[in-house]
Amino acid sequence: EKANFDPQLLFQDVNAKLTYRPSFNQQFNVSTYASRDELNFLYADTSSAENVNVSDIRYADESAKSNRGVSLRWTSSITPRLKVITSLGYSRFQGLYFSTDSIRNNLFAVDSTQFSFREATLRDWSALHEWQLASANHSMKWGVSFNQVSTSNKRRATNQAEALENADGRTLTFFLGDEWKWNRLVVMPSARLNLYSNVP
């Protein structure tokens, strides 16, 4: 028999973008976002037949996920055909989970509690510098980008010591793209070189 199921949900997010043009050929953009989702619920698992199930268990579970991010972008038109784009970005994701089980042994009249906890975090840094050259039927882009991802995973439970795992990865990318258009035919050759390093 299951009773007292009482879920509580919360979802919220916000986005904002600011654009500034100091001149006709220059443009700056700042973008931010934030979100948070929560799910909490309580429920009980009980039985009136003690010879079948001698325990009453009440569960309390809480979970939350949040995401934060900001990016900066600068676009400069050198000539009507040549454009330079530089951008920086950062985002952070975090997930939390906590569970508590309250156990009542009706046969021996003994109460006990068990819990588990987990926190997962991911941080992402990025940077991009790109050149674009365009004409009526042909366009090219080339540049370099950098990305670093850091993760941490923290866990703890009843009768278990806290465990923490961290990891970092970095990628440096050089890229070149080309695009040709002939009526409905589009050819897009490209090349990309990735240099990856991992820091445990």
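The values are calculated or read from the model by the stated rules, or taken from the named source; none is laboratory data. Values in this document were obtained by computation on a predicted structure and should not be read as measured data. Heads up, the Cβs are rebuilt from the backbone with ideal geometry, glycines too, and the neighbour counts pull from every protein chain shown. Quick note on the areas: whole protein, heavy atoms, side chains included, nothing else; ligands and nucleic acids left out. Shrake-Rupley method; radii C 1.70, N 1.55, O 1.52, S 1.80 Å.
Take the chain and mark each of the trypsin sites (Lys or Arg not before Pro) that is in a DSSP loop with at most 13 other Cβ atoms within 10 Å; the longest unmarked stretch, sites excluded, is 82-183.
Which loop-located chymotrypsin sites (Phe, Trp or Tyr not before Pro) does the range 21-114 contain, where loop means any DSSP state but H, G, I, E or B and the Cβ has at most 10 other Cβ atoms within 10 Å?
Values: sites: PHE24, PHE28, TYR33, PHE41, TYR43, TYR59, TRP74, TYR90, PHE93, TYR97, PHE98, PHE108; in loops: PHE24, PHE108.
Qualifying residues, ordered by number: PHE24, PHE108.
For the range 41-140, the relative contact order comes to 27 percent (Cα pairs under 8 Å, sequence separation of at least 6).
Within the same chain, lysines fewer than 8 places from LYS154 are excluded, and of the rest, those with a Cα less than 19 Å from its Cα are LYS65. Couplings for the range 66-73, taken from phi via the Karplus curve 6.51 cos²θ - 1.76 cosθ + 1.60 with θ = phi - 60°, read 10, 9, 10, x, 8, 9, 10, 9 Hz in order; Gly and Pro are left as x. Solvent-accessible surface of the chain, taken per residue with a 1.4 Å probe and all protein chains present: 69 Å². Spread over its residues, the convex hull of the C-alpha atoms of the chain is 196 Å³ per residue. 3J(HN,Hα) couplings calculated from phi for the range 8-20 with the Karplus curve 6.51 cos²θ - 1.76 cosθ + 1.60 (θ = phi - 60°) are, in sequence order, 10, 10, 9, 10, 8, 7, 8, 10, 8, 9, 10, 10, 10 Hz; Gly and Pro show x.
Comparing Cα centroids, the range 152-166 and the range 70-128 end up 17 angstrom apart. Across the chain, the mean sequence separation of Cα contacts (distance under 8 Å, 6 or more residues apart), normalised by length, yields a relative contact order of 14 percent. Here's how it looks for SER55: its modeled amide H is under 5 Å from those of ASN106, which are all 5 or more places away or on a different chain. Overall, the accessible surface of the chain at a probe of 1.4 angstrom is composed of carbon and sulfur to the extent of 56 percent.
The chain: longest stretch without exposed GluC sites (Glu not before Pro) (DSSP loop, at most 12 other Cβ within 10 Å), sites themselves excluded? Free of exposed loop sites, the longest segment is 51-200.
Straight-distance candidates among the lysines for linking to LYS181, with alpha-carbon spacing under 22 Å and chain neighbours fewer than 8 residues away dropped: LYS83, LYS141. Normalised by the number of residues in the range 111-200, the mean separation of alpha-carbon contacts (under 8 Å, six or more apart) gives a relative contact order of 26 percent.
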